[in-house]
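Worksheet: the structure to be examined is printed underneath.
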Amino acid sequence: MPSQSAKELAEELNKHRVEVSKLRNVLNELDKEKESWFRKKEEFSRKIRDSVQKIKDSKARRDSLTQEVKGLKPKRDSINKGIDEKLKKFDNLKKEKTALLKSLGIGESSSKIKQNMERLEFRIETEAMAFDKEQSLMKKINELKKLYNDAVVIDESNKKLKDASEVIRNMKKDANEAHKLVQEKAKQSQILHEEILRASAEIDKMKIEEDDAFKRFSELKKKFNEANSELKEKLKAMNDVKNSLDKISSDKREKKKMEQESFLKSKEEEVNQKIKRREKLTTEDLLVFQQKFGKG
């Protein structure tokens, strides 16, 4: 550098300034792009965290529903087993009724038989009739009483069948409700399971995009650091050239000052000699004389 002229140094300084300006523009662009990819990476990271939390929540709800289904199935199966037992008893009651009807040969209900009995008893109590006629009606009433007692047995059998049917109907209703609840819970559990699978697949995709974004950010960061290092080197080189130019300027000023002081000293001596010789001083001599006393 010391061997370079001021003009050469000035040209080199301008060249460095242009390069520094370009590098700064490059750095700004790299920084913007680098930060843009970093923000994308962070956005993917946030989405992944949110999705992972949703999956955890969905798994907890799914597992809870699965446990509910496991708890409901034995209840439903127990009801169905009870229904089967009740149906067997119901079939036995029907068979018993059929056997009674066959053995007793009753064609009318107990209420109808009772009405006939009461009608005949009312006739005996209210009508005047021959003794043999009354005896015939009494015989008929006794026969109806026997039929009535048999019919009551049939009525009891019918009531048992009706009650058993009502119990079975209610049990079937409970079983259907339990089965429906099992199906609903199982369906909800399956929906959550499918959502978990979809969310897991989405997370896998986002992880790839997150890695790509981070890789792009890392590449740009490396380029940014390289450009920044180059800029520092250029700034150092530019400052070295500037310092060299400043030194040349400083040396020139110092040389000029020394030359001026030397000139004034020689002139001062001449003025002193003129004064001693009582010669007339020129304007230039007066200026030299003035500078001398002005310094003092």
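The values are calculated or read from the model by the stated rules, or taken from the named source; none is laboratory data. Everything numeric here is computed off the predicted structure, so don't read it as measured data. Using ideal geometry, Cβ is built from the backbone for each residue, glycine included, and neighbour counts are taken over all protein chains shown.
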Given the residues Ser45, Ser58, Ser51, which is the only one that is under 30 Å from Lys223 (Cα atoms), touching a helix residue (DSSP H, G or I) at 6+ places or on another chain (Cβ under 9 Å) and part of a helix (DSSP H, G or I)? Ser45
I'm trying to understand the selection: among the residues of segment 11-63, which are over 19 Å from Asp211 (Cα atoms), within 19 Å of the chain's Cα centre (by Cα), surrounded by fewer than 14 Cβ atoms within 10 Å (Cβ to Cβ) and aliphatic (A, V, I, L, M)? Ala60
Considering only residues that are among the small types (Gly, Ala, Ser) and either modelled with pLDDT of 80 or more or outside any helix (DSSP H, G or I) (or both), which ones fall in segment 153-184? Ser165, Ala175, Ala178
Of those in segment 2-17 that are touching a helix residue (DSSP H, G or I) at 6+ places or on another chain (Cβ under 8 Å) and not acidic (Asp, Glu), the residue modelled with the highest pLDDT is Arg17
Go through segment 33-55 residue by residue and tally those that are free of Cβ contacts under 8 Å to residues at least 24 places away in the same chain and either over 16 Å from Met206 (Cβ atoms) or polar (S, T, N, Q) (or both). 3
Of all the residues that make up segment 266-278, how many are free of Cβ contacts under 8 Å to residues at least 24 places away in the same chain and surrounded by 12 or more Cβ atoms within 10 Å (Cβ to Cβ)? 6
Of the conditions (1) over 30 Å from Leu231 (Cα atoms); (2) exposed (fewer than 14 other Cβ atoms within 10 Å of the Cβ), Glu68 satisfies every one except a single condition; which number is it? (2)
From the options Glu219, Glu226, Glu259, Glu209, residue that is farther than 24 Å from Leu27 by Cα, under 44 Å from the mean Cα position of the chain (by Cα) and either part of a helix (DSSP H, G or I) or modelled with pLDDT under 90 (or both): Glu209
Can Glu284 be described as at pLDDT below 80, exposed (fewer than 14 other Cβ atoms within 10 Å of the Cβ), in contact with a Lys or Arg (Cβ under 8 Å, 6 or more places away or on another chain) and more than 30 Å from Glu29 (Cα to Cα)? yes
Kindly check whether there is at least one residue in segment 113-129 that is modelled with pLDDT of 75 or more, in a loop (DSSP other than H, G, I, E, B) and either of a type in the set (A, V, I, L, M) or in contact with a helix residue (DSSP H, G or I) (Cβ under 8 Å, 6 or more places away or on another chain) (or both). yes
Candidate set from segment 217-255 (those that are surrounded by 15 or more Cβ atoms within 10 Å (Cβ to Cβ) and small (Gly, Ala, Ser)); member that is farthest from Val20 (Cα to Cα): Ser244
When you go through Ser165, Ser189 one by one, which is the residue that is under 29 Å from Arg61 (Cβ atoms) and not hydrophobic (A, V, I, L, M, F, W, C)? Ser189
